[in-house]
Amino acid sequence: MTRHTTRMLIIGSGPAGLSAAIYAARAGMEPIVVQGLQPGGQLTITTDVENYPGFRDVIQGPWLMEQMQAQAEHVGTRMMWDTIVEVDVESGPPFVARGDSGDEYVGDTLVIATGAQAKWLGVPGEEALSGKGVSACATCDGFFYRGKKVAVIGGGNTAVEEALYLTNHSEDVTLIHRREDLRAEKILQDRLFAHPRISVLWNKRVERFLGDPLQGGLTGLQLADTVTGEMSEFGCEGAFVAIGHAPSTELFKGKLEIDANGYIVVAPGTPKTNRPGVFACGDVMDHTYRQAVTAAGTGCMAALDAERFLATLEYVRNEQQAAAAE
Ligand SMILES: Cc1cc2nc3c(=O)[nH]c(=O)nc-3n(C[C@H](O)[C@H](O)[C@H](O)COP(=O)(O)OP(=O)(O)OC[C@H]3O[C@@H](n4cnc5c(N)ncnc54)[C@H](O)[C@@H]3O)c2cc1C
């Protein structure tokens, strides 16, 4: 077992964690980033990214994350191939986390950037056609389907918001829901039903995504009627799975304030959790925007606030030591 110590321990290596690392490293904090099972985060499972500032042409998600990691390492970040399996946020600072490898990570401050995972239907064709017509993010990918027929699968707020958003690009948006009423807020439902380019297919469950990933991608959906069991096919070129996200917060349950949907609660407009010295950034605390650029922005905020926290802590410690020595 090796014990790694740092002034800032960052859990997660997506845009939030790596942005925090870049700021912390440049402030001389020699941060450690524990990468987890998905080094680079969610953008490594997508292809085209067209909305991250700074690039005129379409870039690839995995490439963007390689650049962020290279920049973080270049300015002095230590990257660890490990996954945190246990963390003590109650007795710190310093905060002690244990990795799957058995190694121990000790940080004077802790930045949680463990992200979230989109929930998928888990039916045939979904994974193979992901990025080839199947997506879990209309804000990210809607632009690629301009002028095309698209479907949104789900019945909550996210699904309705995604359907409304997609009308910016598509003339023909269909919301597909397995029940006969929506869970979304009334005001969103009213906007949905009033929209001339959105139709709703009720009581339909997606059984399979149709199409060949190597030849044109998604061509449609195989649907089962949840009342009659009747099977049908629905032709579309884009399908957006909008059944929610699962923030990666298992490690922190009962230790930090977490909302009903599993997101870490932060003080409004800040990355500060309810534990002094523990900060959260990116999708793990943001159920609204969920974008790489917002994750990077809150990562920067977490690093700056952690740095200020540490400066205050060190000042107080020095004062106490000076007083004790007198
Ligand atoms: C298919 C897809 C396409 C997208 N396209 C775009 C786009 O075009 N533009 C855009 O702006 N956004 C896009 N997004 C959204 C964007 O990817 C996210 O908003 C962003 O990645 C969130 O960053 P994050 O750093 O908060 O978390 P994530 O990217 O989710 O990273 C989380 C990190 O935490 C690590 N981790 C988790 N648990 C542990 C643990 N126990 N120990 C150590 N590490 C851990 C993971 O390994 C990972 O490195 C897309 C998302 C998806 C799924």
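Of all residues in the stretch 232-254, those satisfying the criterion of being within 16 Å of the ligand (Cβ to nearest atom), assigned to a loop (DSSP other than H, G, I, E, B) and open to solvent by less than 50 Å² (accessible area, probe 1.4 Å) are A242, G244, S248, T249.
Filtering the stretch 148-186 to residues that are in a loop (DSSP other than H, G, I, E, B), open to solvent by 20 Å² or more (accessible area, probe 1.4 Å) and within 19 Å of N51 (Cα to Cα) leaves N168, H169. Between G297, G277, the distinction of being on the phi > 0 side of the Ramachandran plot and either at pLDDT 95 or above or in contact with a Leu (Cβ under 9 Å, 6 or more places away or on another chain) (or both) belongs to G277 only. Selection of strands (runs of 3 or more DSSP E) fully inside the stretch 26-120 by the criterion of at least 1 residues being more than 8 Å from the ligand (Cβ to nearest atom), open to solvent by 10 Å² or more (accessible area, probe 1.4 Å) and touching a helix residue (DSSP H, G or I) at 6+ places or on another chain (Cβ under 8 Å) returns 78-80, 84-88, 104-112.
Residues are listed down the side, and each one gets a yes or a no for (1) β-branched (V, I, T); (2) touching an Asp or Glu at 6+ places or on another chain (Cβ under 8 Å):
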| position | (1), (2) |
| --- | --- |
| E233 | no, no |
| F240 | no, yes |
| E250 | no, no |
| K253 | no, no |
| I258 | yes, no |
| V266 | yes, no |
| T273 | yes, yes |
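For the criterion of being among the hydrophobic types (A, V, I, L, M, F, W, C), assigned to a strand (DSSP E or B), open to solvent by less than 60 Å² (accessible area, probe 1.4 Å) and not assigned by TED's automatic domain parsing to the domain that holds I10, L192 fails. Summed over the stretch 260-282, the residues that are farther than 15 Å from A113 by Cα and touching a residue at least 12 places away in the same chain (Cβ under 8 Å) give a count of 4.
Here's the yes/no breakdown for (1) touching a strand residue (DSSP E or B) at 6+ places or on another chain (Cβ under 9 Å); (2) modelled with pLDDT of 95 or more; (3) of a type in the set (S, T, N, Q):
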{"site": "V85", "(1), (2), (3)": "yes, yes, no"}
{"site": "V96", "(1), (2), (3)": "yes, yes, no"}
{"site": "K119", "(1), (2), (3)": "yes, no, no"}
{"site": "P124", "(1), (2), (3)": "yes, yes, no"}
{"site": "V134", "(1), (2), (3)": "yes, yes, no"}
{"site": "R146", "(1), (2), (3)": "no, no, no"}
{"site": "V150", "(1), (2), (3)": "yes, yes, no"}
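All of G297, G282, G229 fail the test of being in contact with a helix residue (DSSP H, G or I) (Cβ under 8 Å, 6 or more places away or on another chain) and either more than 16 Å from the ligand (Cβ to nearest atom) or over 29 Å from G122 (Cα atoms) (or both), apart from G297.
The values are calculated or read from the model by the stated rules, or taken from the named source; none is laboratory data. Keep in mind the model is a prediction, meaning the values are calculated, not measured. Neighbour counts run over all protein chains shown; Cβ positions are idealised from the backbone, glycine included. Calculation scope for accessible area: heavy atoms of the full protein, side chains included, ligands and nucleic acids excluded. Shrake-Rupley method; radii C 1.70, N 1.55, O 1.52, S 1.80 Å.
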